[in-house]
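Novice: Right, I'll just put the structure down here and ask away after.
Just so it is clear, none of the values below were taken in a lab; they were calculated from the coordinates. Keep in mind the model is a prediction, meaning the values are calculated, not measured. As a convention, Cβ positions derive from the backbone with ideal geometry for all residues, glycine included, and neighbour counts pool all protein chains shown.
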Amino acid sequence: IAPRLLGPAEIRDLAELLDVTPTKKLGQNFVHDANTVRRIVQTAGVTRGETVLEIGPGLGSLTLGLLEAGAEVVAVEIDQRLAAQLPHTVSVMQPHTKLTVIRDDALRVTDVPGEPVRLVANLPYNVSVPVLLHLLEHVPSLTSGIVMVQAEVGHRLAAAPGSKVYGSPSVKAAWYGDWRIAGQVSRMVFWPVPNVDSVLVGFERGTPPGEPPGTEAERRAVFALVDAAFQQRRKMLRQALSGVLGGSAAAASGVLERAGVDPQTRGEQLTVQDFLAIARAAASAPQ
Ligand code: SAM
């Protein structure tokens, strides 16, 4: 029986056929282990008939796993050779399945067909956080997802206030919902073997599903505050935010107090709701 998923031999043959030398710049590390693929698909809870968005399908390892589970896949791939080959690979290994390939940079897509509800991806490592934030902003139909990222990035995304790794990606991700570490992945399942470990990270949009905690204008204000707070991570908020809250530490303290936030604390202690309270206090500042 012909294999339905890509193993080491198929990955090698496809790479040879396409004359592909994986590039670091595009984070090209391909999964050659069917067990890992099935585990990701299972962890994601993919159900038959639903539309799944995949970023960076590469040679098709995860795409075939998603199709095997009955998903309809919309895949966005930046590399022209890989994007062009994918439908052929799928038609040979899993005919009669539904795949749409978009040849584009995931950071530029805004209009994804099929209203995908779930994101399942082995993300290119160098752009994983910007890609996630971009998709959450521009693809409102996405309600949940499982992504494979570099372990360090995954722990940041899922970090709670007070944790050593809590930072700007943690707060921005929390704007959109809840994040959790959903498993570890050995670097040995990739070709070429990367020099970092990976984790699976899961997210669910906020409650009610899809509802962000504030408006789009508030999101922008919160993200600007977050950037300022974490650019000067070791400084107290009244200092770190003085540039964006009135131009002085005294003015910043006034806004922070009205928001119910201690001006002497640091950004690493604040939840996304605290940042939202600050943004709202700033917007309603007395002139
Ligand atoms: N999904 C495949 C797998 O699991 O074997 C490949 C994953 S590989 C880590 C990342 C993939 O993302 C590569 O195929 C790469 O060409 C693609 N990629 C890199 N940057 C991208 C971008 N900005 N937009 C879309 N795809 C991108």
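Novice: Could you work out the pair-distance distribution P(r) of the range 94-193 from its alpha-carbon pairs, with 10 angstrom bin width and percents rounded to whole numbers?
Specialist: Calculated over all Cα pairs of the range 94-193, the distribution is 13, 44, 33, 10, 1 percent.
Novice: Right, something else. Over the range 97-149, calculate the relative contact order: mean separation of alpha carbon pairs under 8 Å at least 6 apart, over the residue count, as a percent.
Specialist: 48
Novice: Name the chymotrypsin sites (Phe, Trp or Tyr not before Pro) in the range 192-258 that are in a loop by DSSP and that have at most 13 other C-beta atoms within 10 Å, would you?
Specialist: On the way: sites: F203, F223, F230; in loops: none.
Nothing satisfies the criteria.
Novice: So, one more: Using the Kirkwood radius built from alpha carbon pairs, what does the Stokes-Einstein equation give as D for the range 1-82 at 4 °C and 1.567 mPa s, in µm² per second? Intermediate values should be presented prior to the final figure.
Specialist: Values: Rh = 13.3 Å.
After rounding, the answer is 98 µm²/s.
Novice: Next up: Translational diffusion coefficient, Stokes-Einstein: compute it for the range 12-131 using the Kirkwood radius over C-alpha pairs as Rh, at 37 °C and 0.692 mPa s, and state it as an integer in µm² s⁻¹. Before the final figure, lay out each step's value.
Specialist: Details: Rh = 14.4 Å.
In µm²/s, the coefficient is 229.
Novice: Taking 1 over the mean of 1/r across every pair of different Cα atoms in the chain, what Kirkwood radius in Å do you get? Numbers along the way, then the final one.
Specialist: Working: mean 1/r = 0.0497 Å⁻¹.
Radius from the Kirkwood sum: 20.1 Å.
Novice: Do you know the relative contact order of the chain, to the nearest whole percent, from alpha carbon pairs under 8 angstrom that are 6+ apart?
Specialist: Values: 524 pairs, mean separation 40.2, N = 287.
RCO, the chain: 14 percent.
Novice: Please identify every one of the trypsin sites (Lys or Arg not before Pro) in the range 38-89 that sits in a loop by DSSP and has no more than 12 other beta carbons within 10 Å of its own beta carbon. Before the final figure, lay out the partial values.
Specialist: On the way: sites: R38, R39, R48, R81; in loops: R48.
Passing sites in the range 38-89 are R48.
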